[in-house]
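Here the structure is laid out as structure tokens; the discussion comes afterwards.
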Amino acid sequence: RDKRSSRSRLLNGIMAEEPVNVNGFRELARQTLPKMYYDFFTGGAEDQYTLKENEEAFHRITIQPRILVDMSSIDLSTMVLGYSISMPVMIAPTSRHKLANPSGEIATARAASTCNTIMVLSISSTCTLEEVAACCNAVRFFQLCVYKRRDITAKLVQRAENNGYKAIVLTGDSPRHGRREADIKNKIIIPELKNVEGLLSTKIVADKGSNLDALANQTRDPSFSWEDIGWLKSITKLPILIKGLLTHEDALKALEVGAAGIIVSNHGGRQLDYCPPTISVLEEVVHAVGGKVPVFLDGGVRQGTDIFKAMALGAQAVLVGRPVLYGLAAKGENGVRRVLEMLKDELELTMALSGCSNVKEITRSHVRTKHDRQLLSLL
């Protein structure tokens, strides 16, 4: 009994500690959540190579600082589709926030509003898009997967537009659901999707494995292609960002169909395993786009130096997903706010120590990639 009591006090002490970086929130989330839900949020596809590489690839990029620059004032603000935000960090679309905290996406949106940044609400949210719109004045985008029933998709887009969402983020890398082995082993059962309640039955029972796979594969439209972007544009006046690009070929396609922006993403390593980490292909996409539309990045962003590196390679801003969920699980709305504040503070310090007083001063010359070093070694 004494040993159990000592262990309990130790765990309570750990839980009471304030993390010093966003990875600390991951450990708090692990202690807080049931294993099934923790695995759902943290897991990736198959061998999880891409999941791990999303973070590791940042470690292979070094920063080239400039010294003796006036750093008495540093401005982290930037513009995204005409909206001013306090830092080049947005909240990525992630599903089912109520599995992390009873307040769900409402808590996440309020933290985004407090930190003056943009939240992209997932179509698979556990609060309705109307509830999130009514809870605060955060700038919100709506993430969309296209269902086989196009009439339901059209209704969701119209609801987003009517409720003040400022853009549609079309996920393009999910014609089928990635094989997430932890969810299969846990036989995860997910809650009803609030946004399609009364429109689409999500009570699907899988013969084996997770009902998440069965739900996605039975409801999403695997035929949706570049040719269908015109249909999506015809049903909304909102700008459309396309998420899930990893190649210059698809970047050029996005320009052809009139995308308002591109999000370089591999779905957090949750779809196709052994595809490249996003930071490794960011520059390829940026060069293909040639400044015609903004390029954003998600995947593996865990600290301020990661944000700095992404911006140096051409991203206008980054999106963070798992760290937000860890903060939400650990400490609710305050946890999400602290995660965003930590990333902002770390970016500000990185800029100060690198000689950049505003985000426009972060340039390609401030970083050196593995490829750069190989070229230098040949000189």
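The values are calculated or read from the model by the stated rules, or taken from the named source; none is laboratory data. Keep in mind that what you see is a predicted model, and the values were worked out from it rather than measured. A quick note on method: Cβ atoms are made from the backbone with ideal geometry, for glycine too, and the neighbour counts reach across all protein chains shown. Note: accessible area is taken over every heavy atom of the protein model, side chains too, but ligands, DNA and RNA are not part of it. Shrake-Rupley method; radii C 1.70, N 1.55, O 1.52, S 1.80 Å.
Residues in the range 271-283 that are at pLDDT 95 or above and either in contact with a strand residue (DSSP E or B) (Cβ under 9 Å, 6 or more places away or on another chain) or under 19 Å from residue 182 (Cα atoms) (or both): 272, 273, 274, 278, 279, 281, 282. Condition check for residue 301 on (1) touching a His at 6+ places or on another chain (Cβ under 9 Å); (2) open to solvent by less than 10 Å² (accessible area, probe 1.4 Å); (3) in a loop (DSSP other than H, G, I, E, B); (4) not hydroxyl-bearing (Ser, Thr, Tyr): one failure, at (1). The condition (being among the acidic types (Asp, Glu), buried (at least 24 other Cβ atoms within 10 Å of the Cβ), at pLDDT 95 or above and outside any loop (DSSP other than H, G, I, E, B)) is satisfied by just one residue among 306, 345: 306. Among the residues of the range 256-277, is there at least one that is open to solvent by less than 20 Å² (accessible area, probe 1.4 Å), assigned to a helix (DSSP H, G or I) and either in contact (Cβ under 8 Å) with a residue 60 or more places away in the chain or aromatic (Phe, Trp, Tyr) (or both)? So far as the range 256-277 goes, yes, one or more of its residues are open to solvent by less than 20 Å² (accessible area, probe 1.4 Å), assigned to a helix (DSSP H, G or I) and either in contact (Cβ under 8 Å) with a residue 60 or more places away in the chain or aromatic (Phe, Trp, Tyr) (or both).
Filtering the range 284-298 down to residues that are touching a strand residue (DSSP E or B) at 6+ places or on another chain (Cβ under 6 Å) and part of a loop (DSSP other than H, G, I, E, B), which residue is farthest from residue 320 (Cα to Cα)? The residue in question is 293.
Residue count for the range 97-117, restricted to those that are surrounded by fewer than 22 Cβ atoms within 10 Å (Cβ to Cβ), of a type outside the set (S, T, N, Q) and in a loop (DSSP other than H, G, I, E, B): 1. Taking the numbered list (1) among the aliphatic types (A, V, I, L, M); (2) closer than 16 Å to residue 296 by Cα; (3) open to solvent by less than 10 Å² (accessible area, probe 1.4 Å) in turn, residue 359 passes all entries but (3). Residues in the range 153-172 that are in a strand (DSSP E or B) and either free of Cβ contacts under 8 Å to residues at least 12 places away in the same chain or closer than 11 Å to residue 236 by Cα (or both): 168 alone.
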